[in-house]
Each structure stands twice: as structure tokens, then as C-alpha cells.
Amino acid sequence: MSSPLRLATRGSRQALGQARAVAAAIEAATGTSVEFVLIETTGDRRLDVPLHTIGGQGVFVKEVQRAVLDGRADLAVHSAKDLPSTPAEGLSIVAFTERRDPRDVLVGSTLADLPQGATVASGSVRRRAQLARIRPDLDFVELRGNIDTRLTKIPDGGAIVMAAAALQILELTDRIAEHLSIDEFVPAVGQGCVAVETRADDEATAALVLAVDHQATRRAVEVERAFLAELGSGCSLPVGAHAADGVLRTFLADPARNLAVGDVLDLAGTDADLELAAAAARAANAALQ
């Protein structure tokens, strides 16, 4: 009997829910058992400061990736939106699982029902910038912690913003007051999708993980990541991109100057879409200069 695959994941309920779904799919498709290697990340430890001040992208994945690179685990599972746009050296993203609901949601109140000057909690600069365009009267505060903790921090008379997919994983969708339209609230790159990485030279594990790769989701997320990659890993501006149904929606903002740009582009369904996304990023960046 072959040894079980060792799957590295964060230990939060959401991360474990994602990891268990990936493990179950691998076991069902290949007959290979999976065991978990729980990792605490910088993002899990540093709950006292906003995400964008401690590195933003990558703070929830680097330690998980390191467990694979140093041989403590065979594969790593992440929320795709947490992955930096530049692939980690020595690792390959072998699978993108079928995407759940990619939308942002409000918990506590609908947007229309929020009173003038209401408080909205969110740790995402993108979500704040998008909400401020529609409701410039809102007051924003930071929101950190796991999903259960965040749900205890709804401001009086206000709301919190979360990813629908996170609440789906934890079967907490009854807490949703409103799903925000993707047309106005373009999600983070990869939102709603789970990414699975293996060591680049581990062909045996990669062959097993391929069983959970969802081709349509992979194509969409790779286009979104091409938009993000063109902006560069040092980009700290609020950014979103979402590809679905032959269309790429993009968002980039500079809140300090109260500027935001977005586009809706038709996709061809070929590799040319990657360059289209990169060109859209260049155009958006130039428009904010």
C-alpha cells in the first residue's frame, strides 16, 4: 500500500474545509489517502495590523509553501486569491479546483439599508474602494481574524464584507444579507477558487493532483492572474479581475486620489487572452498615472 499524500494547509476552519474537499476528491479519484500537515502563517499570527502593512499577498501562503519545498508535505492547498501572481520557485500550481461563488457579500445589512455614515468593516483595500465609489458616506474600519471571529465583529448598525465562497465552505450562507454584483464589485483575482501546488520536480504527486483540476476554472484564473502579474508584485493599489462566460472584468483604483478604472473585455478562449489581460493591466495603470 502506497504512503498517504501529505497535504499542507493552514489550520483555520475555512482552510481545513478547503483542504478536506481537495483531499476527498483526490482519494475518490485515485484511491490514494491524504493526511494533513497544519501550518501557521504570518497572516495567522499578525492579527494586530492590517494585511497590506505586513506584505499583503503571500502572508497566508509562504509558510505553507515552505513545508512542501523542505519535504514536510507533498502538496499545498491555498485560497487562490492569496497566491502571489509570481509563481514560487521550485513549485508548480498543478490544479485549480472548480470555483465556488466568486462574489463578495455583506453580512449584517444590505447596502441600501445601511444608514448614512454607517460603519463597514473590511480588511480589503479593494472592497473599501469599491464600496466607497457607490457609498462615499460610509465609514470603514479594519477587519481581521478567521471567519467565525469576523462574524462577531459586525458594527452596530453596520455591516462586514466577506467572500461568499468562505461562507459556503462553512455552511454559513444564511448569514448573508446581500450578494454584491460582480459588475460593480469585481472580485479579487482567483476569488472562490482553491489552488493546489506541488514541487516542480514531483511528477508522481502532480499526476495524482491533476485529478482535481477544473479546466474551465483554470483558464479563467490564469487570465485573471495575467492581469495581476502585469501590475507587478509591488502593486499595493486595490485591484480586482474576474473572468467568466467569455468576459474579463477588471478594476484598479487609487483611493488617495479618488480615482478608479475598470473595463469589460471579450475573451477569445485562447492563449491570446493572457496578453489581452496583460494589456488591460497596462492600460489601467496608465489611466491612473
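The values are calculated or read from the model by the stated rules, or taken from the named source; none is laboratory data. None of these values were measured; they are calculated from a predicted model. All Cβ positions, even for glycine, are placed from backbone atoms using ideal geometry, and neighbour counts span all protein chains on display.
Observations, loosely collected:
- Asp148 acidic (Asp, Glu) and at pLDDT 95 or above: no
- Residues that are out of contact with any Pro (no Cβ under 9 Å at 6 or more places or on another chain), surrounded by fewer than 20 Cβ atoms within 10 Å (Cβ to Cβ) and either assigned to a strand (DSSP E or B) or in contact (Cβ under 8 Å) with a residue 24 or more places away in the chain (or both), drawn from the range 258-274: Leu259, Val261, Gly262, Asp263, Val264, Leu265, Asp266, Leu267, Gly269, Leu274
- Among the criteria (1) under 19 Å from Thr97 (Cβ atoms); (2) at pLDDT 95 or above, the one Ser12 does not fulfil is (2).
- Pairs, first assigned by TED's automatic domain parsing to the domain that holds Asp254 in the range 124-139, second assigned to a strand (DSSP E or B) and surrounded by fewer than 22 Cβ atoms within 10 Å (Cβ to Cβ), C-beta under 6 Å, six or more apart: none
- Residue within the range 23-42 that is at pLDDT below 95, surrounded by fewer than 18 Cβ atoms within 10 Å (Cβ to Cβ) and either closer than 30 Å to Ala277 by Cα or not small (Gly, Ala, Ser) (or both) present: yes
- Qualifying residue in the range 52-66 (condition: at pLDDT 95 or above, basic (Lys, Arg), within 20 Å of Ala200 (Cα to Cα) and not assigned by TED's automatic domain parsing to the domain that holds Leu172): yes
- Condition met for Gly90 (surrounded by fewer than 18 Cβ atoms within 10 Å (Cβ to Cβ) and outside the structural domain of Val37 (by TED's automatic domain parsing)): no
- From Asp113, Asp101, Asp82, residue being over 29 Å from Arg6 (Cβ atoms) and surrounded by 17 or more Cβ atoms within 10 Å (Cβ to Cβ): Asp101
- The residues in the range 115-131 that are over 20 Å from Ile182 (Cβ atoms) and not in a strand (DSSP E or B) can be counted, and the count is 5.
- Residue ranges of strands (runs of 3 or more DSSP E) in the range 150-250 with at least 2 members free of Cβ contacts under 8 Å to residues at least 60 places away in the same chain and crowded, with 18+ Cβ neighbours inside 10 Å: 159-163, 239-244
- Scan of the range 123-149 for residues that are surrounded by fewer than 19 Cβ atoms within 10 Å (Cβ to Cβ) and basic (Lys, Arg), ordered by number: Arg133, Arg135, Arg144
- Sub-8 Å Cβ pairs linking a first residue in the range 1-17 that is assigned by TED's automatic domain parsing to the domain that holds Arg66 and more than 18 Å from Arg66 (Cα to Cα) to a second residue that is in a helix (DSSP H, G or I) and among the small types (Gly, Ala, Ser), at least 6 apart or interchain, are Gln14/Ala166, ordered by first then second residue.
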